[in-house]
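Trainee: Below: one structure in structure tokens.
The values are calculated or read from the model by the stated rules, or taken from the named source; none is laboratory data. Computed from a prediction, not measured in an experiment: that's the story for all the values here. Cβ placement follows ideal geometry from the backbone for every residue including glycine, while neighbour counts extend to all protein chains displayed.
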Amino acid sequence: MIAKIHEIEYRTILAVCDKEHIGKEFEDGKIFFKASEKFYNGKKITKKELEELLQQADSINLFGNKCVEIALQKQLISEKNIILIKGIKHAQIYRV
């Protein structure tokens, strides 16, 4: 998994993508998704590192079955919060 932290004013956005999807484009019906290198490409992280980062960010954008499953296991999202794009899980988390 690859993670990048974006600091915008007083908010922290965590972008996480399974490594194999970085830089690729996915089209599924009316959905077009690009796993942009600019947005997602940061540093390689472990499951433990992701679990820690998930607790710290204000907003989280997850793309990939591995990283989304970790958020599910930590009960930060449920199945109804996940969309599938070409069979790949995508979820967003916002803390208010």
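Trainee: Restricting attention to the stretch 42-72, which residues are of a type in the set (S, T, N, Q) and at pLDDT 95 or above?
Mentor: Result: 46, 59, 61, 65.
Trainee: So which residues in the stretch 80-93 are of a type outside the set (A, V, I, L, M, F, W, C), part of a strand (DSSP E or B) and more than 23 Å from residue 8 (Cβ to Cβ), if there are any at all?
Mentor: Passing the criteria: only 89.
Trainee: Could you tell me which numbered condition residue 96 fails, if it satisfies all but one of (1) touching a strand residue (DSSP E or B) at 6+ places or on another chain (Cβ under 6 Å); (2) of a type in the set (Val, Ile, Thr); (3) part of a loop (DSSP other than H, G, I, E, B)?
Mentor: With respect to (1) touching a strand residue (DSSP E or B) at 6+ places or on another chain (Cβ under 6 Å); (2) of a type in the set (Val, Ile, Thr); (3) part of a loop (DSSP other than H, G, I, E, B), residue 96 is out only on (1).
Trainee: Something else about it: Could you run through the stretch 48-64 and say how many residues are of a type outside the set (Asp, Glu) and free of Cβ contacts under 8 Å to residues at least 24 places away in the same chain? Before you say what the answer is, go through the steps one by one.
Mentor: Applying the first criterion (of a type outside the set (Asp, Glu)) to the stretch 48-64 yields 48, 50, 53-57, 59-64.
Those still in the list that are free of Cβ contacts under 8 Å to residues at least 24 places away in the same chain too: 48, 55.
Going through the stretch 48-64 one residue at a time, the tally reaches 2.
Trainee: Can you list the helices (runs of 4 or more DSSP H) found entirely within the stretch 1-79 that contain at least 3 residues being within 13 Å of the chain's Cα centre (by Cα) and hydrophobic (A, V, I, L, M, F, W, C)?
Mentor: It comes to 47-56, 65-73.
Trainee: So, one more: Please work out if residue 57 is under 14 Å from residue 90 (Cα atoms), crowded, with 16+ Cβ neighbours inside 10 Å and of a type in the set (A, V, I, L, M, F, W, C).
Mentor: So residue 57 does not fit the description; no.
Trainee: Scanning for something acidic (Asp, Glu), at pLDDT 95 or above and in contact with a helix residue (DSSP H, G or I) (Cβ under 8 Å, 6 or more places away or on another chain), does the stretch 9-27 turn up at least one residue?
Mentor: So far as the stretch 9-27 goes, yes, one or more of its residues are acidic (Asp, Glu), at pLDDT 95 or above and in contact with a helix residue (DSSP H, G or I) (Cβ under 8 Å, 6 or more places away or on another chain).
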